[in-house]
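Report on one structure; see the data block that follows.
The values are calculated or read from the model by the stated rules, or taken from the named source; none is laboratory data. The structure displayed is predicted, hence computed values, not measured ones. Heads up, the Cβs are rebuilt from the backbone with ideal geometry, glycines too, and the neighbour counts pull from every protein chain shown. Quick note on the areas: whole protein, heavy atoms, side chains included, nothing else; ligands and nucleic acids left out. Shrake-Rupley method; radii C 1.70, N 1.55, O 1.52, S 1.80 Å.
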Amino acid sequence: MRVMIVKDYDEMSREAAKIMAKQMKTKPNSVLGLATGGTPVGTYRELIRMDLDFSGLTTFNLDEYYGLGPDHRQSYHHFMFDNLFNHVNMNPERVHIPDGRAKDVKAFCEKYEDEIKRAGGIDLQLLGIGRDGHIAFNEPGSSLTARTQLVALAEETIEDNARFFDRKDDVPSFAISMGCGTIMEARKLLLLANGEGKADAVAALIEGPITSQITASVLQMHPDATVIIDEAAASKLKRRGYYKHTDRLFRDLEEKGGR
Ligand code: PGA
């Protein structure tokens with residue numbers, strides 16, 4: 001796992017956008033896995049500013065609230081168009097976001113998995129992390145091999161996401177979410193985290209044991225995972241100096257074109 005510790009949210013967003021832009025330029029028909037929440041907003045802003053070509057891309061989002069239609073202001077459909085797709089030349093026919101209104105959820109989830117496979121698999125998956133260590137909506141105790149499925153949200157997640165809704169009671173209790181098994185099949189993973197509130201989860205993800213109690217810890221088993229965190233989110237890591245040292249070495253090497 002490559003750990004990059006940066007100064008703040010803006011630097012995190014710029015570094016993440018750089019990695020995504022490189023993927024898009026190297027393979028203009030990339031399949032990107034996208035995330036929602038407060039964390040990736042700056043990255044999307046940066047991608048828009050870079051004026052990149054999105055026309056050949058296919059995208060799959062991690063999750064959607066169960067019960068919310070695409071026009072609902074708090075749906076992840078709405079979020080994605082509002083924060084990214086409406087501002088770039090993305091072909092909406094190649095945008096995939098779980099259908100929160102699916103009648104037969106099990107059949108829908110199987111279809112979603114199938115669509116990812118038919119698209120050739122995800123080249124680069126962007127991820128955030130919840131305070132409880134979740135990736136997508138894989139809450140503590142979720143199987144580390146799970147596929148896309150209907151999941152129940154943890155109390156902590158409902159509290160955290162209440163800031164996007166008028167009232168806490170409006171936050172849906174369920175979501176359709178890619179599973180950790182789905183996420184782990186992406187060729188590259190890029191997880192972002194900022195702020196002190198994420199410091200415990202980040203320490204558990206990077207330095208804790210691999211456990212379904214912190215589903216993000218499954219990244220330790222991925223051959224190509226990068227984690228970009230700001231100083232506040234890194235504040236509880238024991239080996240901070242080591243990560244900074246190795247990151248500096250890799251950056252030097254990259255500057256010399258060695259990687
Ligand atoms: P946030 O959510 O980006 O809004 O902090 C992250 C997550 O729950 O994965």
Of the conditions (1) surrounded by fewer than 14 Cβ atoms within 10 Å (Cβ to Cβ); (2) more than 21 Å from A17 (Cα to Cα), V218 satisfies every one except a single condition; which number is it?
(1)
Applying the selection to the range 171-218, what residues are among the aliphatic types (A, V, I, L, M) and within 21 Å of G100 (Cβ to Cβ)?
V171, A175, I176, M178, I183
Of all residues in the range 21-46, how many are closer than 27 Å to K117 by Cβ and either aromatic (F, W, Y) or within 16 Å of the ligand (Cβ to nearest atom) (or both)?
8
Here the residues within the range 20-41 that are in contact (Cβ under 8 Å) with a residue 12 or more places away in the chain and open to solvent by 50 Å² or more (accessible area, probe 1.4 Å) are K25, K27, P28, N29
Sort out which residues of the range 78-137 are of a type in the set (F, W, Y), surrounded by fewer than 23 Cβ atoms within 10 Å (Cβ to Cβ) and not in a helix (DSSP H, G or I), and write them in order of number.
none
With (1) in contact with a helix residue (DSSP H, G or I) (Cβ under 9 Å, 6 or more places away or on another chain); (2) of a type in the set (G, A, S); (3) surrounded by 17 or more Cβ atoms within 10 Å (Cβ to Cβ); (4) without any contact (Cβ under 8 Å) to a residue 40 or more places away in the chain as the list, and A162 as the residue in question, which single condition is left unmet?
(3)
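Each row is one residue, and each column tells you yes or no for (1) touching a Lys or Arg at 6+ places or on another chain (Cβ under 9 Å); (2) on the phi > 0 side of the Ramachandran plot; (3) open to solvent by 60 Å² or more (accessible area, probe 1.4 Å); (4) outside any loop (DSSP other than H, G, I, E, B).
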{"site": "T226", "(1), (2), (3), (4)": "yes, no, no, yes"}
{"site": "A232", "(1), (2), (3), (4)": "yes, no, no, no"}
{"site": "S235", "(1), (2), (3), (4)": "no, no, no, no"}
{"site": "G241", "(1), (2), (3), (4)": "no, no, no, yes"}
Scanning the range 145-154 residue by residue, the ones that are over 22 Å from H72 (Cα atoms) and open to solvent by 60 Å² or more (accessible area, probe 1.4 Å) total 2
Tally, over the range 75-89, of residues that are among the charged types (D, E, K, R) and in contact with a strand residue (DSSP E or B) (Cβ under 8 Å, 6 or more places away or on another chain)
0
Which one is nearest to the ligand (Cβ to nearest atom), of the residues in the range 105-145 that are within 18 Å of T59 (Cα to Cα) and either at pLDDT below 95 or of a type in the set (G, A, S) (or both)?
G128
Name every residue in the range 172-205 that is in a loop (DSSP other than H, G, I, E, B), touching a Leu at 6+ places or on another chain (Cβ under 8 Å) and buried (at least 23 other Cβ atoms within 10 Å of the Cβ), in order of residue number.
M178, A186
